[in-house]
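Report on the structure given below.
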Amino acid sequence: MVRIASIAPVLPRHVHAQSEITATIAPLLSSDPRRSATIGRIHAATGIETRHLALPLDEYAGLTTFTAANDAFVREGTTLAAEACRQALASAGLDAADVDFLLFTSITGIATPSLDALLVERVGLRPDVKRLPVFGLGCVAGAAGIARVRDYLQGHPQDVALLVSVELCSLTLQQGDDSMANIVSSGLFGDGASAVVMVGSDRAAQVEGGVDVVDARSALYPDSTDALGWDIGGSGFRIVLAASLADLVEQHLGAGVIDLLAAHQLKVADVGTWVAHTGGPRILQAAARALGLPDEAFAASWRSLARVGNLSSSGVLHVLADELAAGGQIPGSAGVLFAIGPGVSTETVLLRWPEEP
């Protein structure tokens with residue numbers, strides 16, 4: 001048994017209304033008033049009310065090179081990650097020196113040494129901590145990170161693991177690009193980080209609360225590599241976002257979830273808690289249709305989307321943190337966590353709320 005002991009969702013301190021962000025960002029994308037009107041309409045249609053940004057809003061106009069954006073990613077990302085780690089460990093009643101394995105993921109910046117290496121001294125982790133930095137999984141990495149840490153802890157039942165996600169999506173803004181993909185992404189993605197403490201079976205009994213990670217499934221959709229990702233060039237990370245993405249989710253997601261549930265003699269109707277990736281309104285609606293669920297089944301994800309936007313790999317972890325904080329789950333009941341990322345790929349995780357002692 002592998003247990004999630006705690007999650008610390010962290011957000012940058014610069015928070016703005018969606019309309020304020022749009023008013024500042026739209027002129028950076030296009031000087032055409034007609035295109036600006038389109039940007040405003042699309043941003044408003046996301047249903048997002050506020051987003052948190054890594055930098056003060058008035059600094060984005062001067063962020064004109066990939067070097068400047070990536071320097072900000074390393075600086076601000078390390079600070080947010082360290083805060084998330086400290087909070088998660090304190091909530092779990094553990095010290096930094098207790099951590100044996102660290103998986104770090106991000107898709108919005110690069111660094112060598114990677115940010116996980118920078119965290120060792122910043123947080124006080126042991127110098128012999130096993131580290132695994134991951135780049136390229138994108139939005140799916142929060143769910144995939146839980147699944148891969150579970151794989152590790154099954155073979156190391158005495159260990160403590162830390163999953164850390166940092167996504168500063170605002171730093172990937174492409175100025176002068178008024179393509180539909182860039183317009184959508186500039187209105188959808190927010191900045192945030194999270195740290196998840198997970199423990200192996202030998203330590204799980206010592207953890208009060210939390211949730212058990214039972215099983216997971218990975219899926220890579222055929223002929224979909226051009227639907228979601230980055231076009232990496234001189235200006236940094238230019239979004240690839242096909243209009244067909246929601247259709248792919250609706251077509252393929254259900255089978256993977258149903259297969260995972262069936263392996264444990266469960267059906268969709270048996271799931272008490274859904275933790276869905278906050279990919280945007282069209283993605284959440286497509287996922288609900290794929291599973292034959294009403295939109296309100298993903299209420300926690302809709303609330304998170306409205307409050308902070310799509311946080312890429314951190315999004316689904318923020319939703320899970322909200323669910324754990326809210327409580328009220330029936331002991332022994334099942335939950336499903338899933339996310340979608342480049343590939344196009346999905347990761348589905350089966351959760352179970354612990355029985356009362």
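The values are calculated or read from the model by the stated rules, or taken from the named source; none is laboratory data. Fair warning: this is a prediction, and the values are worked out from it, not measured in the lab. With ideal geometry, Cβ positions are generated from the backbone for all residues, glycine too; neighbour counts draw on all protein chains shown. Note: accessible area is taken over every heavy atom of the protein model, side chains too, but ligands, DNA and RNA are not part of it. Shrake-Rupley method; radii C 1.70, N 1.55, O 1.52, S 1.80 Å.
Sort through 59, 121, 167, 83 and tell me the only one that's among the acidic types (Asp, Glu), closer than 22 Å to residue 237 by Cβ and open to solvent by 50 Å² or more (accessible area, probe 1.4 Å).
59 is the lone residue from the list that is among the acidic types (Asp, Glu), closer than 22 Å to residue 237 by Cβ and open to solvent by 50 Å² or more (accessible area, probe 1.4 Å).
Are there any pairs with C-beta distances below 7 angstrom linking a residue in region 251-279 that is hydrophobic (A, V, I, L, M, F, W, C) and at pLDDT 95 or above to a residue that is open to solvent by 50 Å² or more (accessible area, probe 1.4 Å) and assigned to a strand (DSSP E or B), with the two at least 6 apart or on different chains, and if so which?
Close Cβ pairs (under 7 Å, with a partner that is open to solvent by 50 Å² or more (accessible area, probe 1.4 Å) and assigned to a strand (DSSP E or B)) amount to 260/217.
Please work out if residue 43 is closer than 18 Å to residue 304 by Cβ and in a helix (DSSP H, G or I).
Yes.
Yes/no per residue for (1) assigned to a loop (DSSP other than H, G, I, E, B); (2) crowded, with 17+ Cβ neighbours inside 10 Å:
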{"position": "243", "(1), (2)": "yes, no"}
{"position": "247", "(1), (2)": "no, no"}
{"position": "252", "(1), (2)": "no, yes"}
{"position": "257", "(1), (2)": "no, yes"}
{"position": "264", "(1), (2)": "yes, no"}
{"position": "273", "(1), (2)": "no, yes"}
{"position": "279", "(1), (2)": "yes, yes"}
{"position": "302", "(1), (2)": "no, yes"}
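So, in region 215-226, of the ones that are over 20 Å from the mean Cα position of the chain (by Cα) and more than 15 Å from residue 137 (Cβ to Cβ), which residue ends up most open to solvent (accessible area, probe 1.4 Å)?
Once the filter is applied, the top-ranked residue is 223.
When region 314-357 is examined, which residues are found to be among the β-branched types (Val, Ile, Thr), in contact with a helix residue (DSSP H, G or I) (Cβ under 7 Å, 6 or more places away or on another chain) and more than 13 Å from residue 257 (Cβ to Cβ)?
316, 319, 344
So for region 160-170 (the condition being over 16 Å from residue 196 (Cα atoms) and part of a loop (DSSP other than H, G, I, E, B)), does at least one residue qualify? Explain how you work it out, then say what you get.
We begin by selecting, within region 160-170, every residue over 16 Å from residue 196 (Cα atoms); these are 168-170.
Among the residues that remain, those that are also part of a loop (DSSP other than H, G, I, E, B) are: none.
No: region 160-170 contains no residue that is over 16 Å from residue 196 (Cα atoms) and part of a loop (DSSP other than H, G, I, E, B).
If I go through region 1-40 residue by residue, how many of them are open to solvent by 60 Å² or more (accessible area, probe 1.4 Å), of a type in the set (A, V, I, L, M, F, W, C) and outside any helix (DSSP H, G or I)?
2
Given 150, 122, which one is part of a helix (DSSP H, G or I), touching a Cys at 6+ places or on another chain (Cβ under 9 Å) and of a type in the set (D, E, K, R)?
Working: 150 fails: touching a Cys at 6+ places or on another chain (Cβ under 9 Å).
122 is the lone residue from the list that is part of a helix (DSSP H, G or I), touching a Cys at 6+ places or on another chain (Cβ under 9 Å) and of a type in the set (D, E, K, R).
Scanning region 134-147 for residues that are part of a loop (DSSP other than H, G, I, E, B) and on the phi < 0 side of the Ramachandran plot, which turns out farthest from the chain's Cα centre (by Cα)?
First, the residues of region 134-147 that are part of a loop (DSSP other than H, G, I, E, B): 135-137.
Now drop any that are not on the phi < 0 side of the Ramachandran plot, which leaves 135, 137.
Details: 135: 13, 137: 10 Å.
Only one residue tops the list, namely 135.
Do you know which residues across region 322-344 are closer than 24 Å to residue 171 by Cβ and surrounded by 23 or more Cβ atoms within 10 Å (Cβ to Cβ)?
Those that are closer than 24 Å to residue 171 by Cβ and surrounded by 23 or more Cβ atoms within 10 Å (Cβ to Cβ): 339, 340, 341, 344.
On the basis of being charged (D, E, K, R), part of a strand (DSSP E or B) and either at pLDDT 95 or above or farther than 15 Å from residue 195 by Cα (or both), does residue 131 make the cut?
It is true that residue 131 is charged (D, E, K, R), part of a strand (DSSP E or B) and either at pLDDT 95 or above or farther than 15 Å from residue 195 by Cα (or both).
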